[in-house]
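Below: the structure, in structure tokens.
Every number in this text was worked out from the coordinates using simple rules, so none of it is lab data. As the structure is a computational prediction, the values presented were derived from the model and not from experiment. Positions of Cβ are backbone-derived with ideal geometry, glycine not excepted, and every protein chain shown enters the neighbour counts.
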Amino acid sequence: MASLFSKLFKRAPTLPDKWKTMPIKDTPLLSIDLELTGLDTTIAKITSIGWVNGTHQSIDLSSAFYTVVRASGDLQQSPVIHGLTARDLLKGEHVKNVIDQLQAFANTHVWVLHNASLDMQVLDRVAKSLGIPETQITTIDTMLLELYFLNKTQDMVKQGAVTLEQCRQRYGFPEAPNHNALDDAVATLSLAFAQWYKFDKQTSAPLSDLAHTKAIRVYTIGE
């Protein structure tokens, strides 16, 4: 019972000091995307993952990483949607190896995701199941940041208005390939750069200035 209450009343982690005053333009970023078998975070499996680094309003394509993740069982329509075959998934990387690689960026980069809550909840569940030690990760959610902008100008935000593709269209980006984790990670980071320029054209504001937008959150994953 004590454990239950401690979880219910546990305060969310605060933004680490090293990120509070760092200008957005100088912040090392890791844009990440997971392709999942579904939206139910309690059972969704990771079928592929992609990430890319960026800073100073520039994407470092040489850092791009993509891998298919080994998966089996009920995959619903995910492999079809994401262009993967059953053989691809059986030959994929073990999820623990992928998360071990990803953990190297936990304290060195701020993670950028579109709908961060979805991917981070899945990562947390998987990390716990593998006995991976607890890690805190600072994230920026481009979906919530766009929602902040829209709420300032609209009384009601239409359903579907904050999908990655719809958000990118508002900033004049061409249509990007979707249903590929690396393509989506690159598309998300380019969207983030456009959003930050809209927020602060000098991009010199510290990350903490974005706190009121609700787009900044520190997640805890693992045991």
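Numbers at a glance
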read-out: Trypsin sites (Lys or Arg not before Pro) within the range 167-223, DSSP loop, no more than 14 other Cβ atoms inside 10 Å; value: Lys201, Lys214
read-out: Relative packing of 132-139, 153-160, which averages over residues the other C-beta atoms within 10 Å, highest first; value: 132-139, 153-160
read-out: Paramagnetic reach from Leu61 (point 7 Å along Cα→Cβ, amide N under 13 Å) across the range 140-161; value: none
read-out: Protection proxy ranking, peptides 44-55, 172-183, 107-118, average beta carbon neighbours within 10 Å, highest first; value: 44-55, 107-118, 172-183
read-out: Simple label model, 7 Å out from Cα along Cβ direction - Gln103 to Asp183, nm; value: 3.2
read-out: Lysine pairs within the range 19-221, Cα separation less than 17 Å, 8 or more sequence positions apart or different chains; value: 10
